[in-house]
1. Name every residue in the stretch 98-118 that is open to solvent by less than 70 Å² (accessible area, probe 1.4 Å) and closer than 24 Å to residue 42 by Cβ, in order of residue number.
2. Under 6 Å between Cβ atoms, at least 6 apart or on separate chains: pull out the pairs that start in the stretch 3-18 with a residue that is open to solvent by less than 80 Å² (accessible area, probe 1.4 Å) and end on any residue that is at pLDDT 55 or above and in a loop (DSSP other than H, G, I, E, B).
3. Return a yes/no flag: does the stretch 119-130 have any residue that is more than 22 Å from residue 38 (Cα to Cα), surrounded by 12 or more Cβ atoms within 10 Å (Cβ to Cβ) and either of a type outside the set (Lys, Arg) or touching a residue at least 12 places away in the same chain (Cβ under 8 Å) (or both).
4. So which residues in the stretch 19-60 are among the acidic types (Asp, Glu) and farther than 18 Å from residue 85 by Cβ?
5. Pairs under 6 Å by beta carbon, first residue farther than 16 Å from residue 46 by Cβ in the stretch 66-91, partner of a type outside the set (A, V, I, L, M, F, W, C) and part of a strand (DSSP E or B), six or more apart or different chains?
6. Against the conditions (1) of a type outside the set (Ser, Thr, Tyr); (2) open to solvent by 70 Å² or more (accessible area, probe 1.4 Å); (3) at pLDDT 95 or above; (4) over 17 Å from residue 52 (Cα atoms), where does residue 95 fall short? Just the number, please.
7. Does residue 60 meet the test of being at pLDDT 90 or above and farther than 20 Å from residue 45 by Cα?
8. What is the number of the single condition among (1) touching a residue at least 60 places away in the same chain (Cβ under 8 Å); (2) touching a Phe, Trp or Tyr at 6+ places or on another chain (Cβ under 9 Å) that residue 55 does not meet?
Amino acid sequence: MNEPEAAAKPEAGTIYGLVSMRMIRLFVMLRKSGILAQRRQFGLSETEWRIMTQLGEAAPLSLNGLADAMLQDRGQLSRAVKSMVERRLLTRERKPGGPEIEIALSEAGRTIYRRMVEWVHERDRALTARIPPEDVAVVWGVLGEMMERAQAMVDEEQRLGN
């Protein structure tokens, strides 16, 4: 990068000038606004929102399966699931022939999940509204490439950790 380009980017030369750090900052901003909207529009905490999205895509799941999918502590999830069952957002049923409990969205939970999906699509459209479709396609390609490389990093760290 030449000097005029560096001067135009106040974060150049700092960790905040890195693409990955800008992506993290974007994620943090989206997460903050999302948490506020999730509570206001759906009455869900961040953990509850994540449970709903996991079960909306992959139900039924056991508590262990849910914890693995969310990379979250089983105990914390157990409390959240119990609360959501009491509020009739989730169902808990013993798996036929075994001791494992299956967790799924209730009818009320599926209704909220459909609204959540609509809201996520609206939010995505608002974020990309003034970006030309060809630029969005480039972002998709770049993100796909970066995600593949990030997965390779995860795989390598797991290999080294074992």
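1. 102, 103, 104, 105, 106, 108, 109, 111, 112, 113, 116, 117
2. Here the result reads 6/12; 17/11, each pair linking the stretch 3-18 to a residue that is at pLDDT 55 or above and in a loop (DSSP other than H, G, I, E, B).
3. no
4. Across the stretch 19-60, the qualifying residues are 46, 57.
5. If the second residue must be of a type outside the set (A, V, I, L, M, F, W, C) and part of a strand (DSSP E or B), the pairs left are 85/92.
6. (3)
7. yes
8. Only one criterion is unmet by residue 55, namely (1).
The values are calculated or read from the model by the stated rules, or taken from the named source; none is laboratory data. The model shown is predicted, which means the values in this text are computed figures rather than measured ones. Virtual Cβ from ideal backbone geometry, glycine too; neighbours counted across all protein chains shown. With ligands, DNA and RNA removed, areas are computed over all heavy atoms of the protein, side chains included. Shrake-Rupley method; radii C 1.70, N 1.55, O 1.52, S 1.80 Å.
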